[in-house]
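Below: one structure, written as structure tokens.
The values are calculated or read from the model by the stated rules, or taken from the named source; none is laboratory data. Keep in mind it's a predicted model, so treat the numbers as computed, not measured. Ideal geometry is used to build each Cβ from the backbone, glycine not excepted, and the neighbour counts take in all protein chains shown.
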Amino acid sequence: MKINVSYITANDIMEILGVGRSKAYEIVRVMNEELENAGYNIIKGKVPVRYFQKKYYGCEMKME
């Protein structure tokens with residue numbers, strides 16, 4: 001069984017969206033709250049890449 005879960009951090013979000021540090025951390029906090037309220041376990045300061053992609057692009061994208 002192979003599980004490939006990748007996480008994105010606030011620093012990554014800053015670069016991808018072109019936002020400042022405080023906005024990037026706010027985005028991570030909000031997405032973590034949404035995941036936690038939906039019953040998922042979270043890792044503070046990180047968000048699954050797939051969730052970020054669905055939230056901001058409406059689909060999963062190949063990130064290299």
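Selection of region 22-43 for residues being surrounded by 11 or more Cβ atoms within 10 Å (Cβ to Cβ), in a loop (DSSP other than H, G, I, E, B) and out of contact with any helix residue (DSSP H, G or I) (no Cβ under 8 Å at 6 or more places or on another chain) yields only Tyr40. Please verify whether region 44-60 includes one or more residues that are more than 9 Å from the chain's Cα centre (by Cα), surrounded by fewer than 17 Cβ atoms within 10 Å (Cβ to Cβ), of a type in the set (A, V, I, L, M, F, W, C) and at pLDDT below 95. Yes, some residue in region 44-60 is more than 9 Å from the chain's Cα centre (by Cα), surrounded by fewer than 17 Cβ atoms within 10 Å (Cβ to Cβ), of a type in the set (A, V, I, L, M, F, W, C) and at pLDDT below 95.
Checking each residue in region 6-21 for being free of Cβ contacts under 8 Å to residues at least 40 places away in the same chain, loosely packed, with under 13 Cβ neighbours inside 10 Å and not in a helix (DSSP H, G or I) picks out Gly18, Gly20. Restricting attention to region 23-50, the residues being free of Cβ contacts under 8 Å to residues at least 12 places away in the same chain and either closer than 13 Å to Ala10 by Cα or of a type in the set (A, V, I, L, M, F, W, C) (or both) number 6.
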